[in-house]
Amino acid sequence: MKMGIEGSPEEISDFIANNDSQVDKYIEDKTDINFHWFITSVVTFALGTLLLSVDLITNEEVTFVLTIVNIGFLGWMLFCMQIRYESKTATIIVGVLFLIVTFLASGDISIKEAFEIIKSMSNE
């Protein structure tokens, strides 16, 4: 619960001291993630996507496992992004676009299909 407090700093201090209030009940502690965690998640996702896009891996089972691992990296990156920037819209947009990039890199969809997906999402 957020609560707005009006008054000068002295009035607020006096009110808290006189009423023996517990301020920590009303003030939310904002948790912020270290920037290094965010960068690490972005780098691991980029490396996973790069590994998927290289044609050295011909085994479909290995490609499938790498795709699932890269989706996990994407989830980690989106988690860090949401905690750090607190923007649901940006997190959703980045998530959808990077999920499409993951499927493009693994060869599950073609570029034409990717553009059709994006076009259908923009029309809604």
Task: Contacts under 6 angstrom Cβ, first residue in segment 48-63 being of a type in the set (S, T, N, Q), partner part of a helix (DSSP H, G or I), 6 or more apart - done: Thr49/Ala105; Ser53/Ala105; Thr63/Ser106
Task: Residues that are modelled with pLDDT of 70 or more, exposed (fewer than 12 other Cβ atoms within 10 Å of the Cβ), assigned to a loop (DSSP other than H, G, I, E, B) and hydrophobic (A, V, I, L, M, F, W, C), drawn from segment 15-42 - done: none
Open item on the list: Quick test of your reading of the structure: Ile117 fulfils all but one of (1) aliphatic (A, V, I, L, M); (2) within 20 Å of Ile33 (Cβ to Cβ); (3) free of Cβ contacts under 8 Å to residues at least 40 places away in the same chain; (4) out of contact with any Gly (no Cβ under 9 Å at 6 or more places or on another chain). Name the failing condition by number.
Closed with: (2)
Task: Leading residue by the ranking (nearest to Phe79 (Cα to Cα)) among those in segment 89-115 that are aromatic (Phe, Trp, Tyr) and surrounded by 15 or more Cβ atoms within 10 Å (Cβ to Cβ) - done: Phe98
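Take segment 65-124 and flag every residue that is outside any helix (DSSP H, G or I) and more than 20 Å from Leu50 (Cβ to Cβ). Break it down into steps so the answer makes sense when it comes.
From segment 65-124, those outside any helix (DSSP H, G or I) are 86-87, 107-110, 124; that's our starting set.
Residues satisfying the conditions are Glu86, Ser87, Glu124.
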TODO: List the number of the failed condition for Ile57; all other conditions in (1) part of a loop (DSSP other than H, G, I, E, B); (2) under 22 Å from Phe35 (Cα atoms) hold.
DONE: (2)
- [ ] Check segment 60-68 and report whether any residue there is under 11 Å from Phe98 (Cβ atoms) and modelled with pLDDT of 90 or more.
- [x] no
- [ ] Considering each residue of segment 94-107, count those that are closer than 19 Å to Phe64 by Cβ and in contact with a helix residue (DSSP H, G or I) (Cβ under 7 Å, 6 or more places away or on another chain), and give that number.
- [x] 8
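The values are calculated or read from the model by the stated rules, or taken from the named source; none is laboratory data. Source: prediction; values computed, not measured. Using ideal geometry, Cβ is built from the backbone for each residue, glycine included, and neighbour counts are taken over all protein chains shown.
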